Each structure stands twice: as structure tokens, then as C-alpha cells.
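Asks: What follows is a single structure, and I will ask about it in a moment.
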Amino acid sequence: MSELNIAVLGGGVVGLTTAIELQKLYRNANIDLIASGFQSDTTSSVAAGLFRPGTSFCGPNEEITRRWINDAYRYWDDLRNTSEGALAGVTEVSGYIFSSKYPNIVRNHYLENLVPVYRPATEKELKLCPGNWKYGSFFTTIVTTCDYYLPWATKKFLEKGGKIQKHHIKDIASISTGYDVIVNCTGLGAKWLCNDNKLVPIRGQVIKVEAPWIRTFFYGDNDTYIIPGFNSVTLGGCRQYESYDDNVNKYDSLSIRERCEALVPNLKSAKTIKELVGLRPHRSPVRVEKEVRHCNGQKIKIVHNYGHGGYGVTTAPGTALYACELVRESLAGNSKL
Amino acid sequence: MCLLQDPQAIAALNKCLDLQPTNLQALMALAVCYTNENYYNQACLALLNWLRHNPKYKDLVLSEDLRISGQATSLLEPSQHKLVQDLFINAAQRNPKDVDYEVQCGLGVLFNLSGEYNKAADCFTAALSVKPDDARLWNRLGATLANGSRPEEAVNAYHNALHIAPGFIRARYNVGITCINLNAYREAAEHFLTALNQQARGKDVMNSGSSSQISDTIWSTLRMCVSLMNQGELKPLVDQRDLKELNRIFSID
């Protein structure tokens, strides 16, 4: 018997992961997941889902950022090692990152002491792919295929009594009645919901292809990547700052194909399954914080969890666990000076 | 002035300042209340007024500094905050050897506003170095540590406050909050009940405001606490404010 009412806004990897973690923390709470779109409507479903935080990814400070990343890796790795791992679309994968330009591009201070293997590529490995690769690293990490993860997490959420509502939220105040706290995981939607000018879309386009012979991921220069998932291989990509174009662009498609086939020529025979566009919700720093909003004489407690950019799948569990702590702090109220 | 119910305190303090706009104690108390209620810009404005009406520091404030708006919003305007913070840092540097606990307290509030809790804790610690017997300062240090996710240290600071003033309801309430954050829900409930009992006996030595106002806050936090404990069956008792029965259930004498 409890009357703790929590709303989680946003149906992507961040919203769902936060919702199922809140259920673990508050077993008897009523938790509603409210979003305008789910599963294939989300930016998460476009992502390749490789665990590789960008070196510029940042939270409020170094310590918290590290904690998010380390917690997230452990979460995915633990899930992978359970009997549910395969159902959730989580597996281990190894591969290469190459650069013909800068040595730093192939280094990653977040991953180097976290993943089981992160080492410089050998001379021989630098010649694996066509191109004049000067620098390279080999590493082992985790890939989460959202085509599996989002339905799996949705099922978990519903099994534990969570409720899903599909509608668009224009204003947080409009849904505030009856909820003790609202958790905002609306990704790019937060731009309008919170008037947040720091949040910018970074447009990405990918091609999901059928190429089961690809078992290794590859990153090349200029946003070129080939990442094998559970049911397809993701070819990418692009990073177009502040572009709101959510249509597939044929020139981007041609460029992605050309760059990926130059890196791994046997992709020429890979059949296209679908082409997708996602607007990565980029914000620096990622916003995971408490807010108390005063609205018509009423206090609304909000915990924000958005702005993960291209690293939402990577870091969702880390920021979800952190957001859960903030929910508890928010419910308890702040300590009074 | 140390009311537990900050919105009522804000109204009372503003009334006081209408009559006497240069009342420094009221201005500092107002800054604290606004901070507790997340009115960030108003808190900055109150601190700016504290400086500008303080004979020791008023020369630091230039007329162009008075542009800040004190607009009612929970979003902190960084430029305004920085301006007031710089002025307080100048004030603190005026007599570095002779710590002015009020300036340190103002700085502590400013660092709370910007979420720089470690710096804020240093300021309150500095203020306590010259006023170690001030229960309110210990409570402010405790709240700062708690809001900065250092709950174990916060509990120590609150205990100092309660050692000096055993009937200090705000500090008692804060210990309860910190217990919730440490997942110690039962202990939290015990602290809230202790505070309610003290209040019912009219024992709040720090004059925490009128009894019904104080109890509203504590009762509603206690209600949240029993939800978190998964003891929803206690909620009706909380709603009926049945202190006697709750005391019995939690074995509080």
C-alpha cells in the first residue's frame, strides 16, 4: 500500500531505464511512463548502441561524469551476463577505431581503464582496412540493440505494474497534479518543455544493413562507423549541428555508403534494411538535476535527465541511477538552512 | 528569526523590511528563506541589500550593481549571482584575519544557490570558527553538507546544533530528511515524531514559528516517509495527525 505517484516523461532508452530503476527503488509506487512516441519513434532506436562515450561527454563535473559512465558500463555488463542479456539485446563486441590524422582520436580516457581491453592497434592491424591509417586502437565493449532493449524494458516495466500513456506533453504544469515528482527524460523535447537553449539537435543518419558476416566494429575518420548489432549492422554517419531535418537525405546516404564501403569493401553486397534519421539531443553538460518549479502557487518537483547527445544508450543506466538518487532527495525535500 | 515554514517567514520578513528597510538581520534571514524555497534571484537581491545597508561594507556596492532584478524564478541568473558573490568575496577579503561570520554566512548562502556545496560548507565552517556556539550556524552547515550529498557529516553538524539547542525543531527536521536520504526511514520517522512532540509541548527553543505552520511541513514529510517505508497503512494516522497512536507504534515516550 503506497500512494507514491511518479511520472516519467519520455519513452526512449533514458526514460525506460529510469522508469524500471525507479520501480526497483520504490516497489509500491505508481509509476506512469508518458511519451508522445515509443520504440521505433525514438531517437534511441536509430542509435547503433555501442558503449563508447565521446571524450567531450560531460556531466556537472569530472567525478560525476565518471560515475555515470562506470555505473552504466557495469549495468550493461551485468545485464549481459544474466539469462536476460540476449533478450535485452545486450552483448559484447570488439573492434577498431582508426585515424589517418590525429593520435588522440583513437584514445578514450573514459574507456581505457574501464573496458576489458583497450590497446593500440598493431602495425598489421593498421593494414586490415584499406586507407592510409596511421593511428588505431583495438577495444572490447558492449553493444545494446534498442530494437530489442526497448521492448524488453517495456515488458519489464509493465510486468511490475507500470502504466504507459501515449500523449504529447506541452507543459509540465499540465500534468503535475497528483504526481509527487516528475522525471523529465524527453531528450530533444526538453528544448521546448523547459525552454532550454543549451539543448541542440545534432542530426545523425544511418543505414541499417543485412551483413551477418560483420562481427567487428570499425570507426574511421569523418564520422564513419560500422557497428554490428543483434539484427543488423549500422552504417553511419553524420553529425549535423543544429539541423532539425528529420527526413532521410539521399546525399547523406550516398556518402555513408561510400565511406563505409571504402573502410570495409565487402559491405558492397550488404542489403539495406532501412535508413533512419535521429536528432541527438546534445547538451553540455548533460542535465541531470533537481528543480522545484513554482506554478500557480503550487510547487512542482522535477528531476531532469536529458541532453545525452549521441551517448544516450551508452550512459542511460548511469544517469538513470543518478536520477533515482535525485528523486529520493527531491521527495524528501531539501535540507533547510 | 528562524521559522520552519519559509513562505510565511518570507511574508513576515518582507513586512518587517517595509517598516525598516535596513534591518540587516531581517535581510540575511530573508536570503536564507528564499534559498530554502528556491527563489534564487530574490535571495541574491536580499544579500545585495544586506551589503549595501551594512555600514561596514556599503562602500563596496556601486550604484550600477543595483540593476539586479530579483525576478521571481527558480532559474539562477548567473551574471547576477556572480556580481553578488564577487562583492561578498571583496567583503570577506577586507579583514582576512578577523572573520566576519555574517559575511561568511552570506557567502555560504551564495554557494548554496549555485550548488557549490563544498565551498559553502567551508564558509559556514569559517563562520563557526568565530561563533562555535551558534546552533543556527551548525544547522546551516548541516543542511549544506546534506544538500551536497555528504549526509554522514551533515548528521554530525546537526547533532552539534541539537547539543547546543535540544529543542531546535528545524535541525531535528533536517536530521529526519538526511535519514530519508540514507534510506533510514524508521529513524527519519522517529525524528519527525520527536519534532512534532516537542512542538506540541511548545518546546521549540529557537522560536520556529506558529505551531500549525511548523507541523504542516513535518506532517507532510512524515507522510512521504511512511510511503517510502511501504507502510501506507500508517497514512490515515498521519492524515488524522494522531500523534498519540504514532508515538505508540514507533515506541516514542
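Asks: Are any residues in region B:233-253 more than 29 Å from the chain's Cα centre (by Cα) and facing chain A (nearest Cβ under 8 Å), and if so, which ones?
Replies: Scanning region B:233-253 gives a single hit, B:GLU233.
Asks: May I pose another question? Output the residues belonging to region B:73-117 that are farther than 30 Å from A:ASN296 by Cβ and without any contact (Cβ under 8 Å) to a residue 12 or more places away in the chain.
Replies: Within region B:73-117, the subset farther than 30 Å from A:ASN296 by Cβ is B:82-83, B:85-108, B:111, B:116-117.
Scanning region B:73-117 gives B:LYS82, B:ASP86, B:GLN93, B:ASN95, B:PRO96, B:LYS97, B:ASP98, B:GLU116.
Asks: Related question: Within 17 Å of A:GLY49 (Cα to Cα), hydrophobic (A, V, I, L, M, F, W, C) and touching a residue at least 60 places away in the same chain (Cβ under 8 Å): does that describe A:VAL143? Step through it out loud before you land on a result.
Replies: Details: within 17 Å of A:GLY49 (Cα to Cα): yes; hydrophobic (A, V, I, L, M, F, W, C): yes; touching a residue at least 60 places away in the same chain (Cβ under 8 Å): yes.
In short, yes.
Asks: Also, quick follow-up: Kindly list, by first and then second residue, each pair from a residue in region B:223-243 that is more than 26 Å from A:LYS24 (Cβ to Cβ) to a residue that is open to solvent by 30 Å² or more (accessible area, probe 1.4 Å) and of a type in the set (A, V, I, L, M, F, W, C), limited to pairs with Cβ atoms under 7 Å and residues at least 6 apart or on different chains.
Replies: That search, which allows pairs on different chains as well, returns B:LEU243/B:ALA200.
Asks: What is the number of the single condition among (1) surrounded by fewer than 18 Cβ atoms within 10 Å (Cβ to Cβ); (2) of a type in the set (D, E, K, R); (3) within 15 Å of the chain's Cα centre (by Cα) that A:ARG283 does not meet?
Replies: Tallying (1) surrounded by fewer than 18 Cβ atoms within 10 Å (Cβ to Cβ); (2) of a type in the set (D, E, K, R); (3) within 15 Å of the chain's Cα centre (by Cα), A:ARG283 fails exactly one: (1).
Asks: Moving to a separate point now. Assigned to a strand (DSSP E or B), modelled with pLDDT of 95 or more and not hydroxyl-bearing (Ser, Thr, Tyr): which single residue out of A:LEU276, A:LEU254 fits that description? Spell out the reasoning first.
Replies: Working: A:LEU254 fails: assigned to a strand (DSSP E or B).
From the options A:LEU276, A:LEU254, the qualifying one is A:LEU276.
Asks: Looking at A:ARG328, is it assigned to a helix (DSSP H, G or I), surrounded by fewer than 22 Cβ atoms within 10 Å (Cβ to Cβ), of a type in the set (D, E, K, R) and within 10 Å of chain B (Cβ to nearest Cβ)?
Replies: Values: assigned to a helix (DSSP H, G or I): yes; surrounded by fewer than 22 Cβ atoms within 10 Å (Cβ to Cβ): yes; of a type in the set (D, E, K, R): yes; within 10 Å of chain B (Cβ to nearest Cβ): yes.
Criteria met by A:ARG328.
Asks: Got at least one residue in region B:209-218 being part of a loop (DSSP other than H, G, I, E, B), at pLDDT 80 or above and open to solvent by 20 Å² or more (accessible area, probe 1.4 Å)? If you could, list the steps in order and put the result at the bottom.
Replies: At the first step, the residues of region B:209-218 found to be part of a loop (DSSP other than H, G, I, E, B) are B:209-210.
Retained after the next criterion (residues that are at pLDDT 80 or above): none.
Looking through region B:209-218, none of the residues is part of a loop (DSSP other than H, G, I, E, B), at pLDDT 80 or above and open to solvent by 20 Å² or more (accessible area, probe 1.4 Å).
Asks: Inside region B:160-185, can you point out the residues that are without any contact (Cβ under 8 Å) to a residue 12 or more places away in the chain and open to solvent by 50 Å² or more (accessible area, probe 1.4 Å)? Quick ask: steps written out before the conclusion?
Replies: Initial filter on region B:160-185 (without any contact (Cβ under 8 Å) to a residue 12 or more places away in the chain): B:163, B:183-184.
The answer is B:HIS163, B:ASN183.
Asks: Another question, if that's okay. Please specify each residue of region A:73-101 satisfying the condition of being more than 20 Å from A:ILE226 (Cα to Cα) and aromatic (Phe, Trp, Tyr). Steps first, answer last, please.
Replies: Keep residues of region A:73-101 that are more than 20 Å from A:ILE226 (Cα to Cα), which gives A:73-88.
Selection gives A:TYR73, A:TYR75, A:TRP76.
Asks: Hey, another quick one. Residues of region A:292-325 being touching a helix residue (DSSP H, G or I) at 6+ places or on another chain (Cβ under 8 Å), surrounded by 21 or more Cβ atoms within 10 Å (Cβ to Cβ) and at positive phi, which ones?
Replies: Listed by number, the list holds a single entry, A:GLY307.
Asks: Moving on to the next point. So is A:ASN70 away from every other protein chain (no Cβ under 14 Å) and free of Cβ contacts under 8 Å to residues at least 24 places away in the same chain or not?
Replies: Numbers: away from every other protein chain (no Cβ under 14 Å): yes; free of Cβ contacts under 8 Å to residues at least 24 places away in the same chain: no.
No, not satisfied.
Asks: May I pose another question? What number goes with the only condition from (1) open to solvent by less than 40 Å² (accessible area, probe 1.4 Å); (2) touching a residue at least 12 places away in the same chain (Cβ under 8 Å) that A:GLU261 does not pass?
Replies: (2)
Asks: Starting from region B:1-26, take each residue that is more than 14 Å from chain A (Cβ to nearest Cβ) and list its partners that are in a loop (DSSP other than H, G, I, E, B) and at pLDDT 85 or above, counting only C-beta distances under 7 angstrom and pairs at least six apart or across chains.
Replies: B:CYS16/B:ASN23; B:LEU17/B:ASN23; B:THR22/B:HIS53; B:LEU24/B:HIS53; B:LEU24/B:ASN54
Asks: Could you list, in sequence order, all residues of region B:103-142 that are under 25 Å from B:LEU83 (Cα atoms) and open to solvent by 50 Å² or more (accessible area, probe 1.4 Å)?
Replies: As a first pass, look at region B:103-142 and keep what is under 25 Å from B:LEU83 (Cα atoms): B:103-127, B:137, B:140-141.
Matches in region B:103-142: B:GLU116, B:TYR117, B:ASN118, B:LYS119, B:ASP122, B:THR125.
Asks: Right, another one. Kindly check whether there is at least one residue in region A:16-35 that is in a helix (DSSP H, G or I), more than 27 Å from A:GLY95 (Cβ to Cβ), out of contact with any helix residue (DSSP H, G or I) (no Cβ under 8 Å at 6 or more places or on another chain) and within 14 Å of chain B (Cβ to nearest Cβ).
Replies: Within region A:16-35, the subset in a helix (DSSP H, G or I) is A:16-25.
Filter again for more than 27 Å from A:GLY95 (Cβ to Cβ), leaving A:18-25.
If we keep only those that are out of contact with any helix residue (DSSP H, G or I) (no Cβ under 8 Å at 6 or more places or on another chain) as well, we get A:24.
Still in the running and within 14 Å of chain B (Cβ to nearest Cβ): A:24.
Within region A:16-35, one or more residues are in a helix (DSSP H, G or I), more than 27 Å from A:GLY95 (Cβ to Cβ), out of contact with any helix residue (DSSP H, G or I) (no Cβ under 8 Å at 6 or more places or on another chain) and within 14 Å of chain B (Cβ to nearest Cβ).
Asks: State the number of residues belonging to region B:129-148 that are closer than 18 Å to B:PHE111 by Cα and either at the interface with chain A (Cβ under 8 Å from one of its Cβ atoms) or under 13 Å from the mean Cα position of the chain (by Cα) (or both).
Replies: 12
Asks: Output the qualifying pairs, or none if there are none: Cβ atoms under 7 angstrom, residues six or more apart or on different chains, first residue in region A:294-318 and without any contact (Cβ under 8 Å) to a residue 12 or more places away in the chain, second residue open to solvent by 10 Å² or more (accessible area, probe 1.4 Å).
Replies: A:HIS294/B:SER74; A:LYS299/A:VAL292
Asks: Something else: Being part of a strand (DSSP E or B) and open to solvent by less than 30 Å² (accessible area, probe 1.4 Å) is the filter here; which residues of region A:227-251 pass it?
Replies: So in region A:227-251, the residues part of a strand (DSSP E or B) come out as A:227-228, A:233-236, A:240-241.
Within region A:227-251, A:ILE227, A:PRO228, A:VAL233, A:THR234, A:LEU235, A:GLY236 meet the criteria.
The values are calculated or read from the model by the stated rules, or taken from the named source; none is laboratory data. In this text, all values refer to a predicted model and were calculated from it rather than measured experimentally. Glycine also receives a Cβ, built like all others from the backbone with ideal geometry; neighbour counts cover every protein chain displayed. Each accessible area value is taken on the protein alone, full model and side chains, heavy atoms only, with ligands, DNA and RNA left out. Shrake-Rupley method; radii C 1.70, N 1.55, O 1.52, S 1.80 Å.
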